1. What's the average, rounded to a whole number, of partner chain beta-carbon atoms within 10 Å of each residue's beta-carbon in B:104-114?
2. Out of residues 5 or more away from residue A:209 or on other chains, whose amide H comes under 5 Å of its own, with H placed 1.01 Å from N in the peptide plane?
3. Add +1 for every Lys or Arg and -1 for every Asp or Glu among the other residues with Cβ under 9 Å from the Cβ of residue B:61, and state the total.
4. What order do you get for B:67-73, B:54-60 when each peptide is scored by the mean count of other beta carbon atoms within 10 Å, highest first?
5. Expressed in nm to one decimal, what extension gain is obtained for the pair residue B:232 and residue B:191 from 0.36 nm per residue of sequence separation less their Cα-Cα distance?
6. In the range B:101-246, how does Rg compare with the Kirkwood Rh, expressed as the Rg/Rh ratio over alpha carbon atoms?
7. Along Cα→Cβ at 7 Å, what distances in nm separate the residue B:219 label point from those on the other copies, shortest first?
8. Could you order peptides A:75-83, A:195-203 by the average number of other Cβ atoms within 10 Å of their residues, highest first?
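Derivation of every value follows stated rules applied to the coordinates shown; laboratory data play no part. What you are looking at is a predicted structure, and each value in this text was computed from that prediction instead of being measured. Cβ: placed from backbone, ideal geometry, glycine included. Neighbour counts: every protein chain shown.
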Protein chains: 2
Amino acid sequence: MSAEANMEKAKSIKTLTAIQSEVESSNKIALSVDCVIFGFDENKLKVLLIRSDLKKYLGKWSLLGDLVRPDEDLDTSAYRILKQRTGLNDVYLEQVHTFGTVNRHPAGRVVTVTYCSLINVQHHKLNILDNELHWHDIKNVTDLAFDHQQIFDNCYQRLQKRIQEHPLGFNLLPKKFSLRELQNLYEAILDTKMDRRNFRKKFFSMDFLIDIDEMEQDVPHRPGKLYKFNYEKYEKKKKKWIGIDF
Amino acid sequence: MSAEANMEKAKSIKTLTAIQSEVESSNKIALSVDCVIFGFDENKLKVLLIRSDLKKYLGKWSLLGDLVRPDEDLDTSAYRILKQRTGLNDVYLEQVHTFGTVNRHPAGRVVTVTYCSLINVQHHKLNILDNELHWHDIKNVTDLAFDHQQIFDNCYQRLQKRIQEHPLGFNLLPKKFSLRELQNLYEAILDTKMDRRNFRKKFFSMDFLIDIDEMEQDVPHRPGKLYKFNYEKYEKKKKKWIGIDF
DNA sequence: GAATTAATGTGTTAATTTTACACATTAATT
DNA sequence: AATTAATGTGTAAAATTAACACATTAATTC
């Protein structure tokens, strides 16, 4: 390689000290977090949306988001937003993808990091009395503000994939649940019908269900047994599996 | 809910117009892209690293990264960086995760979006003559600058997972390859030994291999048949699978 | 060039996992 | 007491994965 070529190369590869000065310059970008919050109610998978008040998207619904503060970890930011909107902090929350096309936001360049959360609708009803917030049946989620439709689709597909690898669904159910409720949830998320016997077999073989020796109450049919999720056992088993962010 | 409570709520839930003004304010963060570039050479999985010239990390190795430009899509930025470092642009490139703890970078608040790429070392030897760049055996990758060790570990684990779901490995091999080379690659990535017969059976049943009716040349043993990867067929099949970012 | 060596190339069987499928049981309702 | 609609369970077939051994080829050695 010629000296000229090396010079050329040296120019094209930015050094870290160069980056350092750039960091201090105005070479910055607004960064936001958007949360796709799934719930499960009336046997339907729901997503929590907020009404957009931006002129361009007046009347449209959008995801729950906010700018990341300069002194705030990314994950912390996601938890803050979730907390602000739902009052909840002890939930499954996972980073999904970062969206950063130049013109995705009408207010200027905003890169957004998406997080996904699964919460129990029944336990947090009080937090969504606000008119601006609403649980939407995911079947009716279309035409969101900004690129939020794309973000939602991405998260939903990811949820469909991950629920088949990990028993995340428990986060959407009450502490005590019947196997029928569990199956309804899976059928709603995956948009498919499953064989009841094979479904039960599969979950029992996973060995994450604790038989609490209680029955459903006030159901208009033969009550089913109630179970709790064995988080402890799950956490132990997770460590033995291969993967990143269990 | 009382009027006061509603006021309180209105304050805590930031409106989009509020965000708009914030976007224009100084509430911005430096955003970078870091690329974890995997290669395969001498039957070893390698990762391309650059020598850090930041005082704090003098002598340490780091990932290839650069700040995202305000007028540049995130993906575009990743491709630009890859192109700058390797001269390559037509490769598999995938966003992995975004790292954003406050103190991850000594130069200030820098949130970084990680991308992962698989390239063919043989085809791009010329681009890494630069002393500052080096292919590291992944077994010897420890103690990188910044939080790059964590980022690398994350990408490597993800690669291990994804290679089992998708035949990404072809991107690391020359256009023509033998089944032994392919298996060596998988064994290097997954750090395991596999049964040769089952491995071959599996790949043939996938039906992504084109028999080009050529044999290995200049090997010190019985030459094996050479194959090409059927990208077209793979692309077609991808569409039928469930998932996000195939 | 014959013998040796070290790799390629192939098929079957067992084990495991997944799928398909039917009937007895229970408790609420009529 | 009879009816209804759900829960709860087991088995057989099918598909997938795992284990395993020997003949073949061409380069190398003698």
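1. Per residue, the number of nearby Cβ atoms from other chains is 5 on average.
2. It is A:230, by chain and number.
3. +1
4. Per-residue Cβ counts within 10 Å, averaged per peptide and sorted highest first, yield B:67-73, B:54-60.
5. 11.9 nm
6. 1.02
7. Listed shortest first, these distances are 6.0 nm.
8. A:75-83, A:195-203
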